[in-house]
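Novice: Take a look at this one; I'll ask things after.
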Amino acid sequence: MKINVIGTSGSGKSTLAKQIATELAIPYIEMDRLYWRPDWQGTPDDVFQENLEQALHASPDWVLDGNYNRTRPVKWRNVDVVVWVDYGFTRTLWQAVTRAIKRAWHQHELWPGTGNKESFRRAFLSKESIIIWTIKTWRNNRTRYEADLQDPRYAHIRFVRITRRGQVKTLIASLKAYS
């Protein structure tokens, strides 16, 4: 089974993607890990697309965590299920803020080998703030993903929209039955 978990930054997509991968005993692929290089430098699109292709072809089954809309031709080509974590704005923002605080406080490297760590300055006082990114993208993501549900190009994909934590248990049970 090939699953892509999507949602606005802070929505909980990484947590859910890891949980699904563990429950189904299939590899977890984090798109941010493929994208981010040292000193918060992004990977050029051609290299990013190639890294993604390699990661997706490394196993017949996977759970992919991430949006990166420009990668849709690659990631949705053979995907079976797209899980959209679509919590309300207030909850998503709260989760983004609390995650940023925890990351800044603990100073753990976010992606091995990059040296990238969240800081209070970056999270709250920078134009690269993940919190500002969450605020700017929440509504646009929701509009885009609602359109995707109806888009004939994606008719081969089973979309699941999670709007409450209580739906996660049901989702995982259905994925286990589906696999």
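The values are calculated or read from the model by the stated rules, or taken from the named source; none is laboratory data. Predicted model, so just to flag it, every value in this text is computed and none were measured. No Cβ is skipped: glycine too gets one built from the backbone with ideal geometry, and neighbour counts run over all protein chains shown. Just so you know, the surface numbers come from the protein's heavy atoms only, side chains and all, with ligands and any DNA or RNA stripped out. Shrake-Rupley method; radii C 1.70, N 1.55, O 1.52, S 1.80 Å.
Novice: Regarding region 78-137, what's the average projected area of the Cα-atom convex hull, expressed in nm²?
Specialist: The orientation-averaged projected area of the Cα hull of region 78-137 comes to 5.7 nm².
Novice: Run the dipole for the chain about the Cα centre, Lys and Arg Cβ at +1, Asp and Glu Cβ at -1, nothing else charged, and hand back the magnitude in debye, nearest 20.
Specialist: Using only the charged Cβ atoms, the result is roughly 720 debye.
Novice: For the chain, find the longest principal axis of its Cα atoms and tell me its angle to the long axis of helix 89-106, 0 to 90°, nearest 10.
Specialist: Helix 89-106 and the main axis of the chain meet at about 50 degrees.
Novice: A follow-up question, please. Suppose every Lys and Arg Cβ carries +1 and every Asp and Glu Cβ carries -1, with no other charges. What dipole size does region 98-161 come out with about its Cα centre, to the nearest 20 debye?
Specialist: Magnitude of the dipole: close to 180 debye.
Novice: Let me ask you something else. In the full protein assembly as shown, how much of V47 is accessible to a 1.4 Å probe, in Å² to the nearest 10?
Specialist: 60 Å²
Novice: Can you tell me what percent of all Cα-Cα pairs in region 57-158 are more than 20 Å apart?
Specialist: 53 percent
Novice: With everything on Cα atoms, drop me the angle between helix 13-24 and the longest principal axis of the chain, reported from 0 to 90° to the nearest 10.
Specialist: 40 degrees
Novice: Right, something else. Put Y154, Y145 in order of accessible area, largest first, 1.4 Å probe: what do you get?
Specialist: Descending order: Y154, Y145.
Novice: Kindly flag which residue pairs out of K18/K117; K18/K102; K102/K176; K136/K176; K13/K136; K2/K127 have an alpha-carbon separation exceeding 29 Å in this structure. Numbers along the way, then the final one.
Specialist: Values: K18/K117 20 Å; K18/K102 19 Å; K102/K176 32 Å; K136/K176 35 Å; K13/K136 18 Å; K2/K127 35 Å.
Over 29 Å Cα-Cα: K102/K176; K136/K176; K2/K127.
Novice: Could you compute how fast region 100-179 diffuses translationally, taking Rh as the Kirkwood radius over C-alpha pairs and applying Stokes-Einstein at 10 °C with viscosity 1.306 mPa s? Give it in µm² per second.
Specialist: D, rounded to a whole number, is 99 µm²/s.
Novice: OK, next. Under the definition of Cα pairs under 8 Å and six or more residues apart, what whole-number percent is the relative contact order of region 1-117?
Specialist: Working: 168 pairs, mean separation 51.4, N = 117.
Once divided by the residue count of region 1-117, the mean separation gives 44 percent.
Novice: Then there's this: Which value, in debye to the nearest 20, gives the size of the charge dipole of region 17-76 about its Cα centre, when Lys and Arg are +1 and Asp and Glu are -1 at the Cβ? Intermediate results must be reported in sequence, preceding the final value.
Specialist: Details: 6 positive and 10 negative charges, 22 e Å.
Magnitude of the dipole: close to 100 debye.
Novice: Now for a different question. So in the chain, what percent of DSSP beta bridges are antiparallel if you round to the nearest 5? Intermediate results must be reported in sequence, preceding the final value.
Specialist: Details: 2 of 18 bridges.
Of the beta bridges lying entirely in the chain, close to 10 percent run antiparallel.
Novice: Would you mind pulling out the separation of the Cα centroids of region 102-123 and region 41-83, in Å?
Specialist: 24 Å
Novice: Continuing with the same structure: Note the angle between two axes, namely the Cα long axis of helix 167-178 and the longest principal axis of the Cα atoms of the chain, as a number of degrees from 0 to 90, rounded to the nearest 10.
Specialist: So the inclination is approximately 40 degrees.
Novice: Give me the percent of accessible area attributable to carbon and sulfur for region 32-179, probe 1.4 angstrom.
Specialist: Numbers: 4720 of 8770 Å².
Taking all protein chains in place, region 32-179 shows 54 percent carbon and sulfur surface.
Novice: Same structure, new question: What nm value, rounded to one decimal, do you get for the distance between R139 and T22 when each label is placed 7 Å out toward the C-beta?
Specialist: That separation, rounded to one decimal, is 3.6 nm.
Novice: I would also like to ask the following. Within the chain, which is the longest segment that contains none of the trypsin sites (Lys or Arg not before Pro) sitting in a DSSP loop with at most 12 other Cβ atoms within 10 Å?
Specialist: The reported range is 1-76.
Novice: Picking from V5, N140, L110, whose Cα lies most toward the positive end of the charge dipole for the chain (charges on Cβ: Lys, Arg +1; Asp, Glu -1)?
Specialist: Positive-most Cα among the choices belongs to N140.
Novice: Taking square-rooted eigenvalues a ≥ b ≥ c of the alpha carbon gyration tensor, is the chain rounded, prolate or oblate, where a/c under 1.5 means rounded and, failing that, a/b exceeding b/c means prolate?
Specialist: Cα axes put the chain in the prolate bin.
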